[in-house]
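Enquirer: Before we start, here is the structure in question, set down as structure tokens.
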Amino acid sequence: MIQDIKPHVLDNHYQNKHPKDDSFVLIVRGNEILCRYDEEKQDIFFPCFKDFRKTNNVTFLFSIDEDAYFMISSDEMPQGYAYYGITSFVRDRVKVNHKAFAAFTAYHLEKWYEANQYCGKCGSRTEHDSKERALRCPVCGNVIYPRINPAVIVGVRNGEKLLLTRYARGFGHNALVAGFTEIGETVEETVRREVREETGLEVKNITYYKSQPWGIARDILMGFYCDVDGDDNITMDPSELKYAQWVNREDIVLQPSDYSLTNEMMKRFKENKDK
């Protein structure tokens, strides 16, 4: 999955540190990130701090191994670099996991910083905390921590078949039932509700599998397997899905990359390892 970067190690502990010339710079613009792409190696390279003559709003993001990554504001375009859509990494561009994960994580943080430049309570401009990953309002004292959206991925089993879906919009490959946890709801209740809303099915034997950070949606995804309970006739919600079918293990077509928890769960079922 995207976060499986061993032997590399992510250190996301916030530090009030300053960049060196060889520190990496991650600049997000809309849904794109500045990098250089090597098509033959399917690898990406980020610019360094020394590649920019003038920088503003320098913020430490995280380290991977001994390499520090920073977010800056700059209109410069170092030679050889361009903006690439981060979601394209999921499809077919990047096979070097720790760099793709750096891009995903930087995107998550940049969008949080961008959305919280002003205090939601009093409207004053926020300031970076010097000791932790937080933004503080100097006027009313409001403290804002990074937002992480809890969501579930659900592998619904029916004997030797798995419920596969495809979203009505956006990502066009096979997926599983998924959705966000609502206020006052346990994640197990989210599993039942999302399956019911999207497919009309009831489920039982809900079992937690694994979680995954998914920075391009600012999510923490929690994967569950469960079994259909009773009637297995699907009533698909066309506003959410364009496809929902029971598929035999051997007939499951996986996603083109191994980034996602969804793909790993489909692969485990396909290989009869979901027990």
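The values are calculated or read from the model by the stated rules, or taken from the named source; none is laboratory data. As the structure is a computational prediction, the values presented were derived from the model and not from experiment. For neighbour counting, all protein chains shown are included, and Cβ atoms are generated from backbone atoms with ideal geometry for every residue, glycine included.
Enquirer: If you take the residues in segment 220-248 that are in contact with a Phe, Trp or Tyr (Cβ under 8 Å, 6 or more places away or on another chain) and of a type in the set (D, E, K, R), which one is nearest to Val177 (Cα to Cα)?
Expert: Result: Glu240.
Enquirer: Considering only residues that are aromatic (Phe, Trp, Tyr) and not in a helix (DSSP H, G or I), look in segment 80-124 and name the one that is modelled with the highest pLDDT.
Expert: Tyr118
Enquirer: Give me a count of the residues in segment 125-136 that are touching a strand residue (DSSP E or B) at 6+ places or on another chain (Cβ under 6 Å) and outside any strand (DSSP E or B).
Expert: 3
Enquirer: Follow-up. Tell me, please, whether a residue that is over 21 Å from Tyr209 (Cα atoms), surrounded by fewer than 18 Cβ atoms within 10 Å (Cβ to Cβ), more than 20 Å from the chain's Cα centre (by Cα) and not aliphatic (A, V, I, L, M) can be found in segment 251-264.
Expert: yes
Enquirer: Limited to segment 207-227, what total is found for residues that are surrounded by 20 or more Cβ atoms within 10 Å (Cβ to Cβ), among the small types (Gly, Ala, Ser) and assigned to a strand (DSSP E or B)?
Expert: So the answer is 1.
Enquirer: Next up: Which condition from (1) within 19 Å of the chain's Cα centre (by Cα); (2) closer than 23 Å to Glu160 by Cβ; (3) assigned to a strand (DSSP E or B) is the one that Trp246 breaks?
Expert: Of the numbered conditions (1) within 19 Å of the chain's Cα centre (by Cα); (2) closer than 23 Å to Glu160 by Cβ; (3) assigned to a strand (DSSP E or B), the odd one out for Trp246 is (1).
Enquirer: Scan segment 172-206 for residues that are assigned to a loop (DSSP other than H, G, I, E, B) and touching a residue at least 12 places away in the same chain (Cβ under 8 Å) and jot them down.
Expert: If the condition is that a residue be assigned to a loop (DSSP other than H, G, I, E, B) and touching a residue at least 12 places away in the same chain (Cβ under 8 Å), then His173, Asn174, Leu176, Thr181, Gly200, Leu201, Glu202 are the ones that fit.
Enquirer: Looking at Glu240, is it closer than 24 Å to Asn31 by Cα and either of a type in the set (Ser, Thr, Tyr) or surrounded by 14 or more Cβ atoms within 10 Å (Cβ to Cβ) (or both)?
Expert: Yes; evaluated as a whole, the condition is true for this residue.
Enquirer: Right, here's the next one. What's the number of the condition Met77 fails, among (1) in a loop (DSSP other than H, G, I, E, B); (2) without any contact (Cβ under 8 Å) to a residue 12 or more places away in the chain?
Expert: With (1) in a loop (DSSP other than H, G, I, E, B); (2) without any contact (Cβ under 8 Å) to a residue 12 or more places away in the chain applied to Met77, the lone miss is (2).
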